[in-house]
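**Q** Handing you a structure now.
The values are calculated or read from the model by the stated rules, or taken from the named source; none is laboratory data. Everything numeric in this text was worked out from a predicted model, so none of it was measured. A quick note on method: Cβ atoms are made from the backbone with ideal geometry, for glycine too, and the neighbour counts reach across all protein chains shown. Heavy atoms of the whole protein, side chains included, go into the accessibility calculation; ligands, DNA and RNA do not. Shrake-Rupley method; radii C 1.70, N 1.55, O 1.52, S 1.80 Å.
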Amino acid sequence: MESCLPIKEKERYKLGNPKSLHYLNQSNCYELVGVSDAHDYLTTKRAMDIVGISQKEQDAIFRVVAAILHLGNIDFAKGEESDSSILKDEESKFRLQMTADLLMCDPHALEDTLCKRVMITPEEIIKRSLDPHGAAVSRDGLAKTIYSRLFDWLVDKINLSIGQDPSSKCLIRILDIYGFESFKTNSFEQFCINFTNEKLQQHSNQHVFKMEQEEYTKEEIDWSYIEFVDNQDILDLIEKKPGGIIALLDEACMFPKSNHETFSQKLYQTFKDHRRFIKPKLTRSDFTIVHYAGEVRYQSDQFLDKNKDYVVAEHQNLLSSSSCSFVAGLFPSLSDKGAKSSKFSSIGSRFKLQLQHLMDTLSSTEPHYIRCVKPNNFLKPAIFENISVLQQLRSGGVLEAVRIKCAGYPIHRTFDDFLNRFRSLAPEVFEGNSYEEEVACKKILEKMGLTDYQIGKTKVFLRAGQMAELDARRASILGISAKVIQKHIRTHITRKMFVKKWKASIHIQSFWRGELARKLYKLMKREIATVIIQRDLRRHLTRKAYIRIKLSTVVLQTGLRSMVARIEFRYRERTKAAIVIQANWRCHRAFSDYKKLKKASIILQFRWKVRIAKRELSKQKMEAIKAASPVIREPSHSDIDAEKIETLTMEVENLKALLWAEKQRADECERKYAEAQITNEERRKKLEETERLVHQLQDSFNRMTNSMSNQVSELKMILSTSNLSSISGNFTGEDQIEFISSDSDSSSSSSDFTFPAPTSPTFPSVKPSPFQLIIQDISAAELSGFESERAFDDFF
C-alpha cells in the first residue's frame, strides 16, 4: 500500500515500508512483474467513484485499512503479573496511538480492550488480564472483525449501486472459489476451504454424473452403470451430526478445560476405523483426511481458538462510540441486534450453515463450471508444469468427467431436433405424410452405418465423435446438392441467354455481315500490327540490355586497367626515386672517400715533413753546438730557425683543427649512413607490402575477369538461342560487327589483365667501406702525432 499511495497520504497514515508491516510481510512478496500498485490504486479510486462511494467515504475506508495495518504491528510482553500483558516497546505504543487516531477512539480504552477481558457472571462482573498470546489473539480478532465489517459494507454498497433486486426470480451470479489447499502447515482455514471444495465437488458429481445416468434411466436405454468417485463419505465425516468433525470441534470448544490434544484424541477414538481418516505417526494432535483431491494433513493446535467466535463487547462498544460516523456505522450497538456478549458462537457451524445455503442456491439454478488451472507455482509466464497441471485436472474431477462422458453417451438429441438437422441424409424416409420419428431416426443412423448408439423414448443417444461424423456427412450432401442446384440454374441462364442472342443474330445477321467483316479485318490488321510492335519492342529491349551490359563491362575494364596502370606508375616512380637516392648516396660516399684520402695524404705529408724538419733541426743544433764558440753566435740562423719553428707550430695547430673538423664530418656521415640504411629497409618493407597488395589485386581482377567472361558468354548464348525470328532477321551488318568486336574486346581484356607481377627492385647490399678503416687509421696517427707534438713542445 505504501508503494502506491500519494505522498500526502503516506505522510498522513505513516505506514512506512510494506516490509515492516506484519500483515503484509508474511508472503515475502512485495512486487509482481507487470503489476503496478500505483495504477491499481488509481483504478480502485475510479471504481469507487463509479459505484457511488463518496470522497468522504473513500477517505474513511483508507483510514480503516491503515488502522488495521497499524494494529497488526502492536506487540505484547509479560507484565508484572504472570498472566497480564503490556505493550512491548515504543513502536507498539506508536502503532496503538496511530490506530486509535485513525479509528477516532480513545487509545487507553483500545489498550484495555486488547489486554483485558470482561466476564459477566450472575453475581458480579470480572475483569481479567490476558497473557501476551491472548492479547495477540484479541488483536488479530479485532483486525479480522474490522476487515469483515468493511468488506460486508463494500458488498452491500456495490449491490445497491448495480440495482440488485432481492426479490428477483432470475439472477446470474459468479462463484469464484479456491481450489483444494494442501500446504506444509494446514490449519482451520484450509479445513474450511477444503470442506467447501468437497461440497462443490459433490454438486458437480450430482450435476454431471448422476444427472447423466438419471437421464439414461429415464429414457430406458440399454446401458451399464458407470462407476465414479463419490465423496459423500467425506462430507459425512466432516459435517454429520452428532459425530462429525465440526460437531466434535464445537463440543470441545464449549468445555473450558478442553485443548487441541484432547480434541485430537477424541477424533482418533471416533474415526479410528473410518477409511477417510488417518492418524499420522509420531504426533499427538495432527490428523489426515483423504479428500477427493488427495490426502491433507491438518495441525489442530489452533482449531479451538479459531472456531470460537465470542462477541467481544469491549471491541463493539469501543468502535460504536467512535467519533467517526463511518466506523460507528460499521459497529452498531449490541442492543440493536439483541445479541448477548456471553453467548457462544461457532465459526465452523456458521460456516457450514452458510455453505448449505449456497448449495441450496446452486441446486435451484442451472450451473456452468469453469475449471481454472494454475500452469506453474512460480507466478511467471511461459512456464507449464505438466505434473502439476495433470494433478489439478485429476483433483478437480476433469479427467473423471471426461472418462464418464466417453464411457457413456455424451450426445443426446430429441427426435424432432435430430430429424430437422439430419433429414437430408435419408430423404426417402420422409416420403408420404405418415412416419414415426423413432423409426425415421433409426433408419437414418443405419443408412449412415453408425453402430453402438441408443434410441430412447424421446431422444437419440450417440457416442463421442458420432455427431461430428453425421455433421460431416450432412455438410458433404448439402455441398453436393448446392452444386447440383447451381449447375441447373447456370444451365437455365446460359440457355436463356443463348436463345436470346440467337434470335437477335437472325434478325440482324444480314445487316451486320459487312460490318462484322470490316471489324474482323480491322482486328486482324490490329493483331498483325501488334505482333510487329511486340517484335520491334522486344528487339529494342534486348539490344538496350545488351548495350547496357557492354558499357558496364567496358567501364569496369577501364577502371581496372587504370588501377593497374596507376599501380605500375607508382612502382616505376618509386624505383626511379630509389635509383636517384642510390646514385646520390654513392656519389656522396665516393666524394667523401676522396676527400678523406686527400686529407689523410696531406696529413701524412705534413707529418713526414715535420719529422724531416725536426731531424734537420736537431742536426743543425748539434752542428751549431759543436762548431760555435762560447763567445761567437750567429743570430741570423737562430732567428731563421725560430721563425720556421713558429710557422710549423701554426701549421700544426691548423692541421689539428682540420683533423677535428674532418673527424666530426666522418661521424656525421656515419650517422647519416645508418639513417639511410634504416630508411632503405623501411622502403624495402613497404615495397614488399605493395607487391603483396598488387598480387592480391591481380588475383581479384583475374576472378572478376573470369566472372565477366562468363556473363558475356551467357549473354552470347541468350542472344544466339533466341527464338524470335524477327530479331535474328532484322540484325544488320553493323550489329554483327559490333557483336564480334565486343567478343574481341572481352578476349583482349582478359589477355591484357594477365600482366606479370612487378618484381621488387634489388637494392645494392651495403658492404663495409674502407672509409671506416681509413678513419680509424687517421685517428691512431692523429693520436701518435699529438704525442710527438707534445714531446716537441716540451723539448723547446
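**Q** Select, from 543, 548, the only residue that is of a type outside the set (Val, Ile, Thr), open to solvent by less than 80 Å² (accessible area, probe 1.4 Å) and part of a helix (DSSP H, G or I).
**A** Of the residues listed, the single one that is of a type outside the set (Val, Ile, Thr), open to solvent by less than 80 Å² (accessible area, probe 1.4 Å) and part of a helix (DSSP H, G or I) is 543.
**Q** Also, I was wondering about something else. For residue 144, work out the one condition from (1) open to solvent by less than 30 Å² (accessible area, probe 1.4 Å); (2) at pLDDT 85 or above it doesn't fulfil.
**A** With (1) open to solvent by less than 30 Å² (accessible area, probe 1.4 Å); (2) at pLDDT 85 or above applied to residue 144, the lone miss is (1).
**Q** I would also like to ask the following. When you scan the range 187-198, do you find a residue that is assigned to a helix (DSSP H, G or I), touching a Leu at 6+ places or on another chain (Cβ under 8 Å), open to solvent by less than 50 Å² (accessible area, probe 1.4 Å) and modelled with pLDDT under 85, even just one?
**A** no
**Q** Restricting to the range 57-89, and then to whatever is modelled with pLDDT under 85 and in a loop (DSSP other than H, G, I, E, B), can you tell me which residue is surrounded by the most Cβ atoms within 10 Å (Cβ to Cβ)?
**A** Going through the qualifying residues, I end up with 84.
**Q** Among the residues of the range 618-639, are any under 60 Å from the mean Cα position of the chain (by Cα), part of a helix (DSSP H, G or I), modelled with pLDDT of 75 or more and of a type in the set (A, V, I, L, M)?
**A** No, the range 618-639 has no match at all.
**Q** When you go through 152, 165, 176 one by one, which is the residue that is open to solvent by 60 Å² or more (accessible area, probe 1.4 Å) and at pLDDT 85 or above?
**A** When all the criteria are applied, what remains is 152.
**Q** Within the set of pairs 6+ apart or on separate chains, which have a first residue in the range 96-118 that is farther than 16 Å from residue 84 by Cβ, a second that is buried (at least 18 other Cβ atoms within 10 Å of the Cβ) and among the hydroxyl-bearing types (Ser, Thr, Tyr), and C-beta atoms under 6 Å apart?
**A** 103/322; 104/322; 105/322
**Q** So if I check each of 64, 35, which one is over 35 Å from the mean Cα position of the chain (by Cα), closer than 27 Å to residue 154 by Cα and of a type in the set (Val, Ile, Thr)?
**A** The conditions single out 64.
**Q** Could I ask something else about it? In the range 175-218, what residues are more than 18 Å from residue 396 (Cα to Cα) and hydrophobic (A, V, I, L, M, F, W, C)?
**A** Of everything in the range 175-218, those that are more than 18 Å from residue 396 (Cα to Cα) and hydrophobic (A, V, I, L, M, F, W, C) turn out to be 188, 211.
**Q** So which residues in the range 459-505 are acidic (Asp, Glu) and in contact with a helix residue (DSSP H, G or I) (Cβ under 9 Å, 6 or more places away or on another chain), if there are any at all?
**A** 471
**Q** Hey, another quick one. Find the residue count for the range 13-30, including only residues that are in a loop (DSSP other than H, G, I, E, B), open to solvent by 50 Å² or more (accessible area, probe 1.4 Å) and either free of Cβ contacts under 8 Å to residues at least 24 places away in the same chain or hydrophobic (A, V, I, L, M, F, W, C) (or both).
**A** 6
**Q** Further question on the same structure: Collect the residues in the range 131-155 that are in contact with a helix residue (DSSP H, G or I) (Cβ under 6 Å, 6 or more places away or on another chain) and either part of a strand (DSSP E or B) or without any contact (Cβ under 8 Å) to a residue 60 or more places away in the chain (or both), keeping them in residue-number order.
**A** If the condition is that a residue be in contact with a helix residue (DSSP H, G or I) (Cβ under 6 Å, 6 or more places away or on another chain) and either part of a strand (DSSP E or B) or without any contact (Cβ under 8 Å) to a residue 60 or more places away in the chain (or both), then 135 is the only one that fits.
Per-residue answers, yes or no, for (1) open to solvent by less than 70 Å² (accessible area, probe 1.4 Å); (2) under 30 Å from residue 651 (Cβ atoms):
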| residue | (1), (2) |
| --- | --- |
| 555 | no, no |
| 577 | yes, no |
| 587 | no, no |
| 602 | no, yes |
| 611 | no, yes |
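**Q** Scan the range 211-238 for residues that are assigned to a helix (DSSP H, G or I) and closer than 22 Å to residue 275 by Cβ and jot them down.
**A** 232, 233, 234, 235, 236, 237, 238, listed by residue number.
**Q** Could you check the range 537-595 and list, in sequence order, the residues that are of a type in the set (Ser, Thr, Tyr) and either over 23 Å from residue 697 (Cα atoms) or touching a residue at least 24 places away in the same chain (Cβ under 8 Å) (or both)?
**A** 542, 546, 553, 571, 575, 592, 594
**Q** Same structure, new question: Quick one: in the range 366-400, of everything that is hydroxyl-bearing (Ser, Thr, Tyr) and in contact (Cβ under 8 Å) with a residue 24 or more places away in the chain, which residue is surrounded by the most Cβ atoms within 10 Å (Cβ to Cβ)?
**A** 395
**Q** Within the range 31-56, restricting attention to residues that are of a type in the set (Val, Ile, Thr) and exposed (fewer than 12 other Cβ atoms within 10 Å of the Cβ), which residue is farthest from residue 9 (Cα to Cα)?
**A** The extreme case among them is 33.
**Q** Of all residues being at pLDDT below 80 and of a type in the set (Gly, Ala, Ser) in the range 665-720, which is least open to solvent (accessible area, probe 1.4 Å)? Just the residue, please.
**A** Across the range 665-720, the extreme among qualifying residues is 666.
**Q** Confirm whether residue 295 is in contact with a strand residue (DSSP E or B) (Cβ under 6 Å, 6 or more places away or on another chain) and loosely packed, with under 13 Cβ neighbours inside 10 Å.
**A** In short, yes.
**Q** Ok, one more. Within the range 401-423, how many residues turn out to be open to solvent by 70 Å² or more (accessible area, probe 1.4 Å) and either in a helix (DSSP H, G or I) or free of Cβ contacts under 8 Å to residues at least 12 places away in the same chain (or both)?
**A** Of the residues in the range 401-423, 9 are open to solvent by 70 Å² or more (accessible area, probe 1.4 Å) and either in a helix (DSSP H, G or I) or free of Cβ contacts under 8 Å to residues at least 12 places away in the same chain (or both).
**Q** Right, here's the next one. Mind checking which residues of the range 424-481 are among the polar types (S, T, N, Q), open to solvent by 70 Å² or more (accessible area, probe 1.4 Å) and without any contact (Cβ under 8 Å) to a residue 40 or more places away in the chain?
**A** Hits for the range 424-481 are 433, 434, 451.
**Q** Another question, if that's okay. Check residue 239 against each of (1) under 30 Å from residue 456 (Cα atoms); (2) in contact (Cβ under 8 Å) with a residue 24 or more places away in the chain and name the one condition it does not meet.
**A** All conditions pass for residue 239, except number (1).
**Q** Follow-up question, since we're still on this one. Residues of the range 482-529 being of a type in the set (S, T, N, Q), surrounded by 10 or more Cβ atoms within 10 Å (Cβ to Cβ) and more than 60 Å from the chain's Cα centre (by Cα), which ones?
**A** Scanning the range 482-529 gives 491, 494, 505, 509.
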